[in-house]
Amino acid sequence: MKKIFITDFAVTCNLGANKQEIYENAIRGDSSHFTFSEDFVKGAIFPLGKINIDLPKISDENFNIRCNKLLLKCLQEINIKRITEKYLPNKIGIIIATTNSGIEEFAQTNIKSYLEIGNPSEFIKKHLGLTGFRASVSVACASGIKAFSMAKRLLENNICDCVIAGGSDSLSNLAIHGFNSLELLSKQISIPFSKNRNGINIGEGAALFILEKESFNSESIEIAGIGETSDAYHYSTPEPTGTEAMKAIKLALQEASISSSEIDYINLHGTGTISNDIMEANAINKIFGENIFCSSTKPLTGHCLGAAASIETALCCILLNKINGNKLIYPHIYDNEYDKQIAKIKLAEQNTKLEKLDTILSNAFGFGGANAVMILRRKNEQIQH
């Protein structure tokens, strides 16, 4: 099986305007970057992972939506010129994960193209003048890793020589009211795996990655394995034993040709809902026991829906590259009252430092029982044994 590498990436979310800012706030476990707002649900104040910086403008009215502005900001921080000069326009693919696309802007303008799930991927294609494969992925909260899976297959089968993959979602009334109607929104910052947990916070953001079949630089990160399964259990509730989630983890380990003990850190899906945390704790405990440090970054960023797994992948990549030479990992921020009714997992504390940080596993579990797991690792020559 061909090796696929992330050779460049950019991310934007409520934690900061660039990778360094985001890393510094995340590694401190700084959960103060939420906006407490009643703009969406009248009479109720919810913490939102809102981006409060100026975003680039888009002149083409067909693509003038916040999702695309977030993507354009990421594009401006990636060396796009290198790949457009290296590869033919028809051999660069685009895969973008989203759930909202421009639903909020459609409600305000009635411009139908804003409704299209494919609008963000089409925007990047036209903005860069590309002519190859492009698609959007919308599988709820698993979308970000599903985008990597599709991109990986495009590269392995020589349909593309390079793929721009990632995800973008912005705050919208539809999503916020939807989660509120399911009684899944927390009025406080979420506390995954606490006995007091009561729901999620919604966030927004974007992340973009350049995927290639060869390593371009010393910071390139290998996509070592991806596992995908489906619960076929319930539309909005995960199967509680975590059977299919475990299978997805095992498939990712198998593709990476490693054992569970070779994972150094686990980035949890960790939403803070009652059902998700039960399922995920079961899956992690049954495979890893209490041996691998884990944390959820959603108490820092909020749950960014279709962009969540992309943003969390970027956070994992930052840990694996030279920004983090001290092997610190992201702390799990909650009230330190672990729910003893669920399986025990090893949550990272503030300033948790590992002896080795070469291989990371990241979980993404979406509505409809969509399970996606990805393993990232440093290039072989970077790994210090």
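The values are calculated or read from the model by the stated rules, or taken from the named source; none is laboratory data. What you see is a predicted model; the values in this text were computed from it and never measured. Positions of Cβ are backbone-derived with ideal geometry, glycine not excepted, and every protein chain shown enters the neighbour counts. Quick note on the areas: whole protein, heavy atoms, side chains included, nothing else; ligands and nucleic acids left out. Shrake-Rupley method; radii C 1.70, N 1.55, O 1.52, S 1.80 Å.
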Chain lengthening between Glu156 and Ala135 when straightened (0.36 nm per residue, less Cα-Cα)
5.9 nm
Net dipole in debye of the stretch 158-302 [+1 Lys, Arg Cβ; -1 Asp, Glu Cβ; about Cα centre; nearest 20]
620 debye
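Order the peptides 278-291, 24-37 from the highest to the lowest mean number of other Cβ atoms within 10 Å of their residues. Walk me through the numbers before you get to the answer.
On the way: 278-291: 20.3, 24-37: 17.6.
Highest-to-lowest ranking by the protection proxy: 278-291, 24-37.
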Of the options Ser168, Asn201, Ala248, report the single residue whose Cα projects farthest towards the positive end of the charge dipole of the stretch 156-308 (beta-carbon charges: Lys, Arg +1; Asp, Glu -1).
Asn201
Size-normalised alpha-carbon gyration radius of the stretch 202-246, reference 2.2 N^0.38 Å:
1.78
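Which value, to two decimals, describes the C-alpha radius of gyration of the stretch 241-331 once divided by 2.2 N^0.38 Å? Numbers along the way, then the final one.
Values: Rg = 13.4 Å, N = 91, 2.2 N^0.38 = 12.2 Å.
That works out to 1.10 for the stretch 241-331.
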Calculated from DSSP helices alone, with each H run of at least 4 adding -39500 (n - 2.57) and the total divided by the residues of the chain, [θ]222 nm to the nearest 500 comes to -8500 deg cm²/dmol
Per the 1/(1 + (r/R0)^6) rule, R0 = 22 Å and r from the Cβ atoms of Lys86 and Glu21, FRET efficiency to 0.05 is 0.15
Cα-based Rg / Dmax (Å) for the stretch 138-185
15.3, 45
Mind ranking 328-337, 244-253 by how tightly packed they are, going by the mean number of other C-beta atoms within 10 angstrom, highest first?
244-253, 328-337
For a distance above 28 Å, tell me the whole-number percent of Cα pairs in the stretch 1-160 that qualify.
27 percent
Would you kindly calculate the mean projected area, averaged across all directions, of the convex hull enclosing the Cα atoms of the stretch 330-383, in square nanometres?
5.7 nm²
How big is the Kirkwood radius of the stretch 85-243, worked out from every pair of different alpha carbons and given in Å to one decimal?
17.8 Å
Charges at C-beta only: +1 for Lys and Arg, -1 for Asp and Glu. How large is the resulting dipole of the chain about its Cα centre, in Debye rounded to 20?
540 debye
Calculated Rg and Dmax of the stretch 268-311 using C-alpha coordinates, Å:
11.1, 30
If I compute solvent accessible area with a 1.4 Å probe over the protein chains, what percent of it on the stretch 124-258 is carbon and sulfur?
50 percent
Using only the alpha carbon atoms of the stretch 196-296, find the Kirkwood hydrodynamic radius as the inverse mean reciprocal pair distance, in angstroms to one decimal.
15.6 Å
Dipole of the chain, positive direction: furthest Cα of Leu361, Pro47, Leu268, with charges on the beta-carbon:
Leu361
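Taking the inverse of the average 1/r across all pairs of different Cα atoms in the chain, what Kirkwood radius in Å do you get?
After inverting the mean inverse Cα-Cα distance, the result is 20.4 Å.
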Neighbourhood charge, 13 Å Cβ-Cβ cut-off, centred on Thr35 and excluding it, Lys, Arg +1 and Asp, Glu -1:
-2
Once both labels are modelled 7 Å past Cα along the beta-carbon direction, what's the Ser37-Glu349 spacing in nm?
3.6 nm
